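The values are calculated or read from the model by the stated rules, or taken from the named source; none is laboratory data. What you see is a predicted model, and the numbers here were worked out from it, not measured in a lab. FYI the Cβ positions are ideal-geometry reconstructions off the backbone, even for glycines, and counts take in every protein chain you see.
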């Protein structure tokens with residue numbers, strides 16, 4: 001899976017979660033967390049700047065996970081985080097390959113496990 005394919009999958013999962021899962025919990029904060037996670041994803045599709053991808057993976061993704069965990073709706077977060085796991089793993093592999101190819105001294109990629 002390409003980096004762009006992984007982002008498209010993340011976007012699809014998130015939008016479906018917003019449409020199908022989030023309304024069950026009647027939480028505007030949940031919607032806000034999911035939207036915050038997704039709002040930069042379209043601009044990452046076909047983006048060449050590796051640093052932007054590393055920032056998403058190492059900063060935005062963990063912030064999203066932390067926010068979900070703090071919200072404490074495990075019926076939502078456990079399921080949705082599990083759905084994101086496959087594209088995050090594909091993204092991790094792609095970023096590790098890209099970082100290794102571009103410059104071995106660049107920022108390292110953090111592990112994918114939520």
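A few comments on the model shown:
- Residues that are in contact (Cβ under 8 Å) with a residue 60 or more places away in the chain and exposed (fewer than 13 other Cβ atoms within 10 Å of the Cβ), drawn from region 1-36: 2
Yes/no matrix, rows are residues, columns are (1) over 19 Å from residue 2 (Cα atoms); (2) at pLDDT 95 or above:
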residue: 15; (1), (2): yes, yes
residue: 23; (1), (2): yes, no
residue: 44; (1), (2): no, yes
residue: 74; (1), (2): yes, no
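- For residue 1: the one exception among (1) farther than 17 Å from residue 72 by Cβ; (2) in a helix (DSSP H, G or I): (2)
- Restricting attention to region 48-64, the residues that are surrounded by fewer than 17 Cβ atoms within 10 Å (Cβ to Cβ) and in contact (Cβ under 8 Å) with a residue 40 or more places away in the chain total 3.
- Boolean, residue 96 is at pLDDT below 95, in a helix (DSSP H, G or I), farther than 12 Å from residue 6 by Cβ and over 11 Å from the mean Cα position of the chain (by Cα): yes
- Enumeration of residues in region 37-47 that are within 19 Å of residue 15 (Cα to Cα) and exposed (fewer than 13 other Cβ atoms within 10 Å of the Cβ): 39, 42, 43
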